[in-house]
Amino acid sequence: MTRHDDKVRLHHMLDHAREAVAVIEEKDRSDLFQQRLLELALTRLIEIIGEAAAKVSPEAKDRYNLIPWREVVGMRNRLVHGYNSIDLNVLWDTI
């Protein structure tokens, strides 16, 4: 993977994280339990962050070692493979 690819993936992570934060800006936790589209949108944004994180090179992960890479990718895996039992409180707290 080239340095350029890492830069693109890191930007994807940042852009989608910012978007998730913006989506919940005027919402509260209870909205997540009541609005299915909100749940789906936030789940997808976190999935994308995790997918991009999984493709970041080991060198970049070492360089940005304050990011909990394993947890970010693990969250994506949990959302994708455990789609029928997502803990919405964990999703909210993550964002």
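All of the numbers you see were taken from the coordinates with simple rules; none came from a lab. This is a predicted model, so every value here is computed, not measured. When we count neighbours, we look across all protein chains shown, and the Cβ atoms used for this are built from the backbone with ideal geometry, even at glycine.
With r defined as the distance between the Cβ atoms of Glu71 and Ala41 and R0 fixed at 22 Å, what FRET efficiency is calculated, to the nearest 0.05?
Calculated transfer efficiency: 0.55.
Fully extended, how many nm does the chain gain between Glu59 and Glu19 (0.36 nm per residue separation, minus their Cα-Cα distance)?
On the way: separation 40, 0.36 × 40 = 14.40 nm, distance 2.65 nm.
Length gained, Glu59 through Glu19: 11.8 nm.
For the range 3-94, place one equal point scatterer on every Cα, skip the solvent, and apply the Debye formula. What is log10 of I(q)/I(0) at q = 0.10, 0.13 Å⁻¹?
The Cα Debye sum returns log10 ratios of -0.26, -0.44.
If you average the sequence gap of Cα pairs under 8 Å that are 6 or more apart and divide by the length of the chain, what percent do you get for the contact order?
36
Run lengths n ≥ 4 of DSSP H only: what is the helix-derived mean residue ellipticity at 222 nm for the chain, with -39500 (n - 2.57) per run over all residues, to the nearest 500?
Computed mean residue ellipticity for the chain: -23500 deg cm²/dmol.
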